[in-house]
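Asker: I have a structure here, written as structure tokens, and I will follow up with some questions on it.
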Protein chains: 2
Amino acid sequence: MTATLDFWFDFASTYSYPACLRARSVAARDNVKLRYRPFLLGPGFKAQGWDTSPFNIYEAKGRYMWRDLERLCADLGLTFRQPEIFPQNSLLASRVAIAGDGEDWQEEFCRAVFHAQFGQGRRIDDPDVIDEILSRLGQPSSDIRAYAQTDAVKARLKAQTQEAGRQGIFGAPTFVTADGELFWGNDRLEAALRWAARKGK
Amino acid sequence: MTATLDFWFDFASTYSYPACLRARSVAARDNVKLRYRPFLLGPGFKAQGWDTSPFNIYEAKGRYMWRDLERLCADLGLTFRQPEIFPQNSLLASRVAIAGDGEDWQEEFCRAVFHAQFGQGRRIDDPDVIDEILSRLGQPSSDIRAYAQTDAVKARLKAQTQEAGRQGIFGAPTFVTADGELFWGNDRLEAALRWAARKGK
């Protein structure tokens, strides 16, 4: 039986960038199948009284995070460019990713969105950027984008965000194993995979 | 030239426990000399409007932290027992550690305080516990504790706490290299040592 690992992320989350870009190859090594589960951090932040990312609210922590992310990306051989706006609105990208549930292009789409944002400093709330990514993947961008904005898809993202809260997820990336074990942060990817692989046997 | 790495911690900090217990052997491998720099997280937390640890304020995050710490300790072969009170008052232990600056027993004292608290669930604000640790290290416990409570030592802890803030430290453990590079968290110990070792050459 192939073990699975749920990879919960918000496209606006900085540490989800290295996590997403390296997850595929690390998971393949452990023979674990990843399930991409985009959700929105915003509602959880609001419930804690935050109207933006804690990295903006707590200045020293935010300054550290950008430097740490830069170092991490350098170590991983990932390009890094701090976007002018942070956090970006991740609603459109998340809906498109949800529309890609079960589709071959979903994984590559997620990787490309993170790379556009944190590798190139581009806007991911810009429909042209999303269309460009989908087209590069050989997908009918306007059809997918139209579908992503239907009530059905909107409701699925909302439900997925609520599920994240119910599972005790408070940040991103978070990895959740089939037996409900939570691992928070890019730093915990390996531990999560080990746990998932052990239980999958 | 031997490279050095400043190891900033608060005795009340949970992730400083595995960091402190494993730092010595990991640093020795990289031929890096650690400088133990206890400080108080409280003043920084207060400045952000927190009257206790954020792990108590943000429930889901706190629940996760205890589980994560338990797993981490199991992986490292460290005993773990969640203390009844969290965070504990770390003032006395910090002052004694400061009194041990330049002394052979300082490192072992720090390790023992963390182990008493998070490995055995004991109180570290109890003078008897501190005395017991110092005595086990062959030190004159009442003399050291009396010295630790002098105005001179109190002032040094206060100054060190202020220095932490000036260096941009917002959490513990934090590792700072000689060239001022910050690495936050037990997870960053290896990266900090690599950085320090590279620059020390």
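Asker: Counting DSSP beta bridges in segment B:3-200, what percent are antiparallel, to the nearest 5?
Answerer: That works out to approximately 50 percent antiparallel.
Asker: Further question on the same structure: Subtracting the Cα-Cα distance from 0.36 nm times the residue separation, let me have the gained length for A:Ser142 to A:Glu84 in nm, one decimal.
Answerer: Between A:Ser142 and A:Glu84, full extension yields an extra 18.2 nm.
Asker: Now, a different point. Less than 13 Å Cβ to Cβ from A:Asp128, Lys/Arg counted +1 and Asp/Glu -1: what total charge do the surrounding residues give?
Answerer: Local charge sum for A:Asp128: 0.
Asker: Which FRET efficiency, nearest 0.05, do A:Asp128 and B:Asp51 yield, Cβ-Cβ r, R0 35 Å?
Answerer: Plugging the Cβ-Cβ distance into 1/(1 + (r/R0)^6) gives 0.15.
Asker: Here's a follow-up. Quote the convex hull volume per residue of segment B:1-60, based on C-alpha atoms, as a whole number of Å³.
Answerer: Output value, Cα hull per residue: 96 Å³.
Asker: Over the Cα atoms of segment A:3-200, each weighted equally, I'd like the Debye log10 I(q)/I(0) at q = 0.17 Å⁻¹, rounded to two decimals.
Answerer: -1.21
Asker: Here is a follow-up. Given the protein assembly as shown, what percent of its DSSP beta bridges are antiparallel, to the nearest 5?
Answerer: Restricted to the protein assembly as shown, the bridges split so that about 50 percent are antiparallel.
Asker: Give the average, rounded to an integer, of partner chain Cβ atoms located within 10 angstrom of each Cβ in A:187-197.
Answerer: 1
Asker: For a 18 Å ceiling on Cα separation, which of these pairs sit above it: A:Lys46/A:Lys158; A:Lys61/B:Lys199; B:Lys158/B:Lys199; A:Lys61/B:Lys154; A:Lys199/B:Lys61; B:Lys46/B:Lys158?
Answerer: A:Lys61/B:Lys199; B:Lys158/B:Lys199; A:Lys61/B:Lys154; A:Lys199/B:Lys61
Asker: Can you pull the semi-axes for segment A:97-201, root of five times each eigenvalue of the Cα gyration tensor, sorted largest first, whole Å?
Answerer: 28, 17, 14
Asker: Still on this model: Percent relative contact order of segment B:107-201, based on C-alpha pairs within less than 8 angstrom and at least six residues apart?
Answerer: Rounded, it is 12 percent for segment B:107-201.
Asker: List the distances, in nm and shortest first, from the label point of B:Glu190 to the matching label points in every other copy, placing each point 7 Å from Cα along the Cα-to-Cβ direction.
Answerer: Counterpart label points of B:Glu190 in the remaining copies fall at 0.3 nm.
Asker: Considering every Cα-Cα pair within segment B:160-201, what fraction, in whole percent, is farther apart than 16 Å?
Answerer: 33
Asker: Which translational diffusion coefficient, to the nearest whole µm²/s, is obtained for the protein assembly as shown from the Stokes-Einstein equation, given a Kirkwood hydrodynamic radius over C-alpha pairs, 25 °C and 0.890 mPa s?
Answerer: Stokes-Einstein gives a translational diffusion coefficient of 108 µm²/s.
Asker: Only loop residues by DSSP count here, and only those with at most 11 other Cβ atoms within 10 Å; note down the trypsin sites (Lys or Arg not before Pro) in segment B:57-111 that meet that.
Answerer: Answer in residue order: no site qualifies.
Asker: Next question, about the same structure. For Cα pairs less than 8 Å apart in space and 6+ apart in sequence, what is the mean separation divided by the residue count of chain B, i.e. the relative contact order in percent?
Answerer: 34
Coordinate-derived values only; no laboratory data. Predicted model, so just to flag it, every value in this text is computed and none were measured. No Cβ is skipped: glycine too gets one built from the backbone with ideal geometry, and neighbour counts run over all protein chains shown.
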